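In what follows, a structure is listed as structure tokens, so that the remarks can point back to it.
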Amino acid sequence: MEVGLSFTTIAVIVLIFVFYALSSIKILAEYERGVIFNLGRLRQTPKGPGMILVFGPVQRMVRISLRQEALEVPAQDIITRDNVTLKVNAVIFLRVIEPTRAVVEVSNYVYQTSQFAQTTLRSVLGEQELDELLAHRDKINARLQTILDTHTAPWGVKVVNVEVKQVDLPESMLRAMAKQAEAEREKRSKIIHAEGEFSAAQRLVDAAHLLAAEPVSVQLRYLQTLTEIGVEKNTTVVFPVPVDFFSGLQKLLAKDASAEAK
């Protein structure tokens, strides 16, 4: 009876030891690191990747992912420097560089970064005018990234990039911008039309000087025009009359009028 009891006790102890050993085995992926606390004291070097042993309750492990994360900043109400009310949201791309500091220095680095991003977004965009915000978004993104990275560096978190995702304008401002764009387009259209008229007039002047130098060329132009008209199937007959004929006729009529007056 005693032998049986002792055998059962040994078997139970062995099973407990086996289950404890199995539960102490932890598998960390390539992108994960394990921050270990020995009796509450931090072990400076994180473990992983691969299989590690964590003997609880003496040791405790906190998993930290080293992959890049995308954090969306909620839409913020912003008043620009030229008193335009906007709703702006952004996206932050960050990753953990030092797992131990990300665990010890801050309770939740994602939440902390989100709060810093909201306040920074309001303060930075509030210093810009609407035209600067729409035209120089790359510079604003770089400035936001620099400010956030300065805040998160003590936590071992690197802000890789910040992008202003969407800018919602009020309806009145959209209508005003549409009118401005329409007026700008109309202005450019008139300028282009005037430049075309000027170029055409300049070409006509050059052509007139060339035709005046060679009067026979006017007759050639008449013949070419007749050729072009004759190609079409129509019943219209065009007879070219030289312009000099009318000028000569006008001079004769003027002489007759002066003679009658005398």
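Just so it is clear, none of the values below were taken in a lab; they were calculated from the coordinates. Predicted, not measured: the structure shown is a model, and the values here were computed from it. All Cβ positions, glycine included, derive from the backbone under ideal geometry; neighbour counts span all protein chains shown.
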Check every one of the strands (runs of 3 or more DSSP E) wholly within the range 30-144 and list those with 3 or more residues that are in contact with a Pro (Cβ under 8 Å, 6 or more places away or on another chain) and either surrounded by 15 or more Cβ atoms within 10 Å (Cβ to Cβ) or among the small types (Gly, Ala, Ser) (or both).
-> 32-38
Working carefully through the options Glu163, Glu171, find the one that is of a type outside the set (S, T, N, Q), exposed (fewer than 10 other Cβ atoms within 10 Å of the Cβ) and closer than 23 Å to Leu125 by Cβ.
-> Glu171
Only residues that are surrounded by fewer than 17 Cβ atoms within 10 Å (Cβ to Cβ) and in a strand (DSSP E or B): list them for the range 146-160, please.
-> Lys158, Val160
Only one of Val73, Val84, Val124 that is among the aliphatic types (A, V, I, L, M), under 18 Å from Ile140 (Cα atoms), out of contact with any strand residue (DSSP E or B) (no Cβ under 8 Å at 6 or more places or on another chain) and in contact (Cβ under 8 Å) with a residue 24 or more places away in the chain | Val84
